[in-house]
Amino acid sequence: MRYSALRLLKEGLTGQKGWTPHWRDPAPKDDYDIVLIGGGGHGLSTAYYLAKNHGLTNVAVLEKGYLGGGNVGRNTTIVRANYFLDGNSQFYSHSLKLWEGLEQELNYNVMHSQRGLINLFHSDGQRDAFARRGNAMVNQGDDAILLDREGVREHLPYLDFDNTRFPVYGGLLHPRGGTARHDAVAWGYARGADRRGVDLIQNCEVTGIDVAAGRVTGVQTTRGPIRARKVGIVTAGRSGQVAAMAGMRLPIESHVLQAFVTEGLKPVIDHVVSFGMGHFYISQSDKGGLVFGGDLDFYASYAQRGNLPMAEHVMEAGMTLMPMIGKARVLRSWGGIMDMTPDGSPIIDKTHIDGLYVDCGWCYGGFKAVPASGWCFAHLIARDAPHEVAAKYRLDRFRTGHLLDEEGTGSQHNLH
Ligand SMILES: Cc1cc2nc3c(=O)[nH]c(=O)nc-3n(C[C@H](O)[C@H](O)[C@H](O)COP(=O)(O)OP(=O)(O)OC[C@H]3O[C@@H](n4cnc5c(N)ncnc54)[C@H](O)[C@@H]3O)c2cc1C
């Protein structure tokens, strides 16, 4: 079923009886050409592009819970292409271009809103760093505007500009940055993949990966064994555990990241804003809630919930930057499991086992990467060669030392 204004009108006038389910609920077959483990944003976009770009449809996505129940439905929805390093900037630039056509591509409203993102700076040194980043973004073909203090005031008059510890010096505006509705992205890709013949199998946990003579031959699941010629691991925070089923040890640590949302308010924050002197970022959802988050909880865990010290730290950062939010009541908070690499950049690569591929290490920036990650991982699986914009996301860079360390904080997982 195609969605359109006409369809909405027709259903509205005929009692909403004609809508069909977004996707089928097939039983798993015994055998597929390709099995993708994980029905999050990256698994679903990979399935979609395998079918769309490469004509490969004998594909199953195996999801242990429900589609979109992982991080893809838990993030703060920020979409941007403001990376600095060669390798990252091309990839995220490609992703943003895909975002810009995604709703038409999927015939699905993912509520992509390019409201502009402003990264604030609070010292001369930070201004230099942001100016350099802005130049790199413009060189890459993306957009960046360096704002002075008064320029920021025009956009964000509610900030505490004269905060004693962290006065606002200016900001880097990325006009094409913004937000999208997170779970709609998962649903849109799921619907698109299903329509092209991919089997999306929920409540199907992979419990083992079968390897014979150095080649992957299939997977063991809670719904029985499934043979496959190629297997892709796309399990975000669970990547280390799933790769271990094939005897691999990935350079990944899993950490908790929390997010918070307030009661619905009238429009007050038009942009995505991030604080340069602490880890704090905020936007306002279309329902009116202020959606914000901060840093990792600073210990490795598989729990999808966080602890109070980080909640307090995030609230403090928010109050420092924009004291007016002290009046809003926080309604909910939640956590997700982040797959942190030692350099903060992801991995999209083959493994030493023939037919086994990994797409992981998205740290806390993997939502905006969903379109390009699917595009490039599908390319890798279909052609056995990396896509040019993801060619630097090699697994062996942690052995050879060719790190992509965007933050410059060294090889500590929890500092990226
Ligand atoms: C609080 C928070 C805020 C964030 N904010 C942003 C942001 O603003 N912008 C941004 O770009 N990124 C953000 N992120 C990061 C982003 O959400 C993740 O990097 C991204 O969603 C990870 O990829 P995914 O969608 O495929 O993961 P997931 O949705 O977690 O998908 C992985 C799936 O694998 C399944 N799985 C695991 N093990 C198995 C198994 N054995 N068998 C079968 N299935 C299995 C899981 O159930 C899960 O559904 C944030 C994350 C969090 C938690």
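Read the figures in this text as sums done on the coordinates, not as results from a lab. As the structure is a prediction and not an experimental result, all values here were calculated from the model. Cβ placement follows ideal geometry from the backbone for every residue including glycine, while neighbour counts extend to all protein chains displayed.
Residues E407, E150, E105, ranked from the fewest to the most other C-beta atoms within 10 Å, line up as E150, E407, E105. Taken along its three principal axes, the alpha carbon spread of region 243-312 comes to 52, 24, 21 Å, from the longest extent down to the shortest. Where a Cα-Cα gap under 16 Å defines reach, which lysines qualify for K327, not counting those fewer than 8 residues away within the same chain? In chain and number order, the partners are K266. With the alpha-carbon atoms of the chain aligned to their principal axes, the span from lowest to highest coordinate is 64, 63, 41 Å, starting with the largest. Proximity of backbone amide H atoms, modeled 1.01 Å from N, is registered between G170 and F121 at under 5 Å, excluding neighbours fewer than 5 places apart on the same chain. Each residue of region 74-79 was assigned a 3J(HN,Hα) from its phi angle through the Karplus expression (A = 6.51, B = -1.76, C = 1.60, θ = phi - 60°), giving 10, 8, 8, 6, 7, 10 Hz with x at Gly and Pro. The fewest-to-most ranking of R383, R394, R80 by surrounding Cβ atoms within 10 Å reads R383, R394, R80.
Anisotropy class assigned to region 101-172 is oblate, per the alpha carbon gyration tensor with a/c at or over the 1.5 cut-off and a/b no larger than b/c.
Computed from the alpha carbon atoms alone, the convex hull of region 1-57 holds 123 Å³ per residue. Among residues other than H387 with Cβ under 12 Å from its Cβ, the summed charge is -2 (Lys and Arg +1, Asp and Glu -1).
Taken over region 369-416, the ratio of Cα radius of gyration to 2.2 N^0.38 Å equals 1.33. The average projected area of region 319-416, computed from the convex hull of its Cα atoms over all directions, is 8.8 nm².
Taking only Cα atoms of region 288-343, what ratio of Rg to Rh do you get with Rh as the Kirkwood inverse-distance radius?
1.00
3J(HN,Hα) couplings calculated from phi for region 225-234 with the Karplus curve 6.51 cos²θ - 1.76 cosθ + 1.60 (θ = phi - 60°) are, in sequence order, x, 10, 7, 7, 7, 9, 10, x, 9, 9 Hz; Gly and Pro show x. The gain in end-to-end length when the T217 to A311 segment is fully stretched comes to 29.4 nm, 0.36 nm per residue minus the alpha carbon separation. Evaluated at q = 0.11, 0.18 Å⁻¹, a Debye calculation over the C-alpha positions of region 1-96 (equal weights, vacuum) places log10 I(q)/I(0) at -0.55, -1.07. Each Lys and Arg Cβ is given +1 and each Asp and Glu Cβ -1; about its Cα centre, the chain then shows a dipole of about 1120 debye.
Counting only chymotrypsin sites (Phe, Trp or Tyr not before Pro) that DSSP places in a loop and that have at most 12 other Cβ atoms within 10 Å, the longest clean stretch of the chain runs over 67-301.
Shape annotation for region 62-212: C-alpha extents along the principal axes are 57, 36, 31 Å, from largest to smallest. Reported value for region 182-296: 163 Å³ per residue, from the convex hull of its C-alpha atoms. Each of L321, L98, L106 was scored by other Cβ atoms within 10 Å of its Cβ. Arranged with the fewest first, they read L98, L106, L321. Kirkwood's formula applied to the C-alpha pairs of region 145-186 gives a hydrodynamic radius of 12.2 angstrom. Amide H to amide H, with H built 1.01 Å from N, G39 comes under 5 Å of K64, counting only residues 5 or more places away or on other chains. The C-alpha radius of gyration of region 166-230, expressed as a fraction of 2.2 N^0.38 Å, stands at 1.95. Residues whose amide H comes within less than 5 Å of that of N307, counting only those at least five positions distant or on another chain, are absent (H built at 1.01 Å from N in the peptide plane). Separation of region 90-144 and region 237-304, taken as the distance between their Cα centroids, equals 19 angstrom. Projected over all directions and averaged, the alpha-carbon convex hull of region 42-94 occupies 5.1 nm².
The 3J(HN,Hα) values that the Karplus relation (6.51, -1.76, 1.60; θ = phi - 60°) gives for region 34-43 are, in residue order, 9, 10, 10, 9, x, x, x, x, 6, x Hz. Gly and Pro appear as x. DSSP beta bridges confined to the chain are antiparallel in about 70 percent of cases.
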